[in-house]
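For reference, the structure discussed in these notes is given below.
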Amino acid sequence: MCRHVAVLSEAPEALGARLLLPPHGLHRQSWAPRAQRHGTVNADGFGVGWYADGDPVPARYRRAGPLWGDPGVRDLCRVVRSRALLAAVRDATEPGPDDEAASAPYAAGRWLFSHNGAVPGWPESLAPLVPGLPARLLLGLEARCDAAFVWALVRRRLDAGAPPGEALAETVTEVAEAAPGARLNLLMTDGERIVATAWGDTLTYLRAPGLVVVASEPYDDDPAWRTVPDLTLLEADRADLALTPLKEPPQ
């Protein structure tokens, strides 16, 4: 379900340099992913978020249709430049009325967020977690889908002061306990760091001087791409990258 990518670069790049131009970039992954384990076509929406220099709050462009069918995205990706982005293409878990509101990236303050995966039994399986959410987060959900609810669980922890890695790790454990078999590849950036989990689906990364890319799958055949093991937390900035094993909750 879905494909996503986050990029931190030293110098501003056109958005298309990582999304459209690579031979297996997100544009191609929207209709021909090479490593997707669940689903085959990501045509239920897309989005890209990016940061302008000097502004910590990201901009977003999201649509309900397939990436390949949007006539404006090529111009956008050609002229907009940024040192940080997060983008995703969506394969919906089930039909819904939310349109582009259900397409990642979700946003709050300086953060962008994406969920690659699915929660079995949604929404009933996560109903026991509702009392733990502040009313403002529950009432402010962007969409009525599992990804938006998972983002609210992450935000609750961020708002309480948890470090971003801890917020993601605790959220995937909480959701996996409530919905065994959940696939919870989460991806988040604030424009200066990337935090992600590999939990039930593919995750890879590419590092070069002044560059880090974290993606569901490689966008080219560069041998420098590395696979993130399942049940792993990834934390990276433009200089460093760390992998920490996550423990699966008892069934």
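The values are calculated or read from the model by the stated rules, or taken from the named source; none is laboratory data. As the structure is a computational prediction, the values presented were derived from the model and not from experiment. Using ideal geometry, Cβ is built from the backbone for each residue, glycine included, and neighbour counts are taken over all protein chains shown.
Given the condition over 24 Å from residue 127 (Cα atoms), touching a Lys or Arg at 6+ places or on another chain (Cβ under 6 Å) and at pLDDT 95 or above, answer yes or no: does some residue in the range 173-193 qualify?
Yes: the range 173-193 contains one or more residues that are over 24 Å from residue 127 (Cα atoms), touching a Lys or Arg at 6+ places or on another chain (Cβ under 6 Å) and at pLDDT 95 or above.
For the range 67-84, state whether one or more residues are within 14 Å of residue 217 (Cβ to Cβ) and either in contact with a strand residue (DSSP E or B) (Cβ under 6 Å, 6 or more places away or on another chain) or among the small types (Gly, Ala, Ser) (or both).
The answer is no, given that none of the residues of the range 67-84 is within 14 Å of residue 217 (Cβ to Cβ) and either in contact with a strand residue (DSSP E or B) (Cβ under 6 Å, 6 or more places away or on another chain) or among the small types (Gly, Ala, Ser) (or both).
Residues 71, 33, 12: which one is assigned to a loop (DSSP other than H, G, I, E, B) and surrounded by fewer than 22 Cβ atoms within 10 Å (Cβ to Cβ)? Break it down stepwise before answering.
Values: 33 fails: surrounded by fewer than 22 Cβ atoms within 10 Å (Cβ to Cβ); 12 fails: assigned to a loop (DSSP other than H, G, I, E, B).
Result: 71 is the single residue among 71, 33, 12 that is assigned to a loop (DSSP other than H, G, I, E, B) and surrounded by fewer than 22 Cβ atoms within 10 Å (Cβ to Cβ).
List the number of the failed condition for residue 46; all other conditions in (1) out of contact with any strand residue (DSSP E or B) (no Cβ under 8 Å at 6 or more places or on another chain); (2) at pLDDT 95 or above hold.
Residue 46 satisfies every listed condition except (1).
Could you list all residues from the range 210-231 that are in contact with a Ser or Thr (Cβ under 7 Å, 6 or more places away or on another chain) and at pLDDT 95 or above?
First, pick out the residues of the range 210-231 that are in contact with a Ser or Thr (Cβ under 7 Å, 6 or more places away or on another chain): 210-211, 215-218, 225-228.
Correct list: 211, 215, 216, 217, 218, 225, 226, 227, 228.
Can you run down the residue pairs with Cβ atoms below 7 Å, 6 or more apart or on separate chains, where the first is in the range 156-172 and polar (S, T, N, Q) and the partner is part of a helix (DSSP H, G or I) and surrounded by fewer than 19 Cβ atoms within 10 Å (Cβ to Cβ)?
These pairs meet every condition: 171/157.
Considering only residues that are farther than 17 Å from residue 186 by Cα and at pLDDT 95 or above, which ones fall in the range 86-121? Outline the logic, then answer.
First pass over the range 86-121, keeping only residues farther than 17 Å from residue 186 by Cα: 94-101, 109, 121.
Correct list: 109, 121.
Restricting attention to the range 1-45, which residues are small (Gly, Ala, Ser) and out of contact with any Gly (no Cβ under 8 Å at 6 or more places or on another chain)? Even if it seems obvious, please write down each step before you answer.
If we filter the range 1-45 for residues that are small (Gly, Ala, Ser), which is where we start, we get 6, 9, 11, 14, 16-17, 25, 30, 32, 35, 39, 43, 45.
Of everything in the range 1-45, those that are small (Gly, Ala, Ser) and out of contact with any Gly (no Cβ under 8 Å at 6 or more places or on another chain) turn out to be 6, 14, 16, 17, 25, 30, 32, 35, 39.
Restricting to the range 23-53, what's the tally of residues that are within 13 Å of residue 110 (Cβ to Cβ) and more than 16 Å from the chain's Cα centre (by Cα)? Give the derivation first.
First pass over the range 23-53, keeping only residues within 13 Å of residue 110 (Cβ to Cβ): 49-52.
Next cut, more than 16 Å from the chain's Cα centre (by Cα) only: 52.
Looking only at that region, the number is 1.
Grab the strands (runs of 3 or more DSSP E) fully contained in the range 203-251, keeping just those with 1 or more residues being in contact with a helix residue (DSSP H, G or I) (Cβ under 6 Å, 6 or more places away or on another chain), touching a residue at least 40 places away in the same chain (Cβ under 8 Å) and buried (at least 19 other Cβ atoms within 10 Å of the Cβ). Steps first, answer last, please.
Details: elements: 204-208, 211-215, 232-236, 241-245.
It comes to 232-236.
Report yes if some residue within the range 52-64 is hydrophobic (A, V, I, L, M, F, W, C), crowded, with 20+ Cβ neighbours inside 10 Å and without any contact (Cβ under 8 Å) to a residue 60 or more places away in the chain; otherwise report no. Break it down stepwise before answering.
Here is the first cut: in the range 52-64, the residues hydrophobic (A, V, I, L, M, F, W, C) are 52, 57, 59, 64.
Then keep just the ones that are crowded, with 20+ Cβ neighbours inside 10 Å; that gives none.
There is no residue in the range 52-64 that is hydrophobic (A, V, I, L, M, F, W, C), crowded, with 20+ Cβ neighbours inside 10 Å and without any contact (Cβ under 8 Å) to a residue 60 or more places away in the chain.
Return the residue satisfying two criteria in turn: it lies in the range 40-59 and is part of a loop (DSSP other than H, G, I, E, B) and of a type in the set (Gly, Ala, Ser), and of such residues it is farthest from residue 26 (Cα to Cα).
Here is the first cut: in the range 40-59, the ones part of a loop (DSSP other than H, G, I, E, B) are 40-45, 51-58.
Pick out the ones that are also of a type in the set (Gly, Ala, Ser) and you get 43, 45, 52, 54.
On the way: 43: 12, 45: 12, 52: 21, 54: 27 Å.
Taking the candidates together, the pick is 54.
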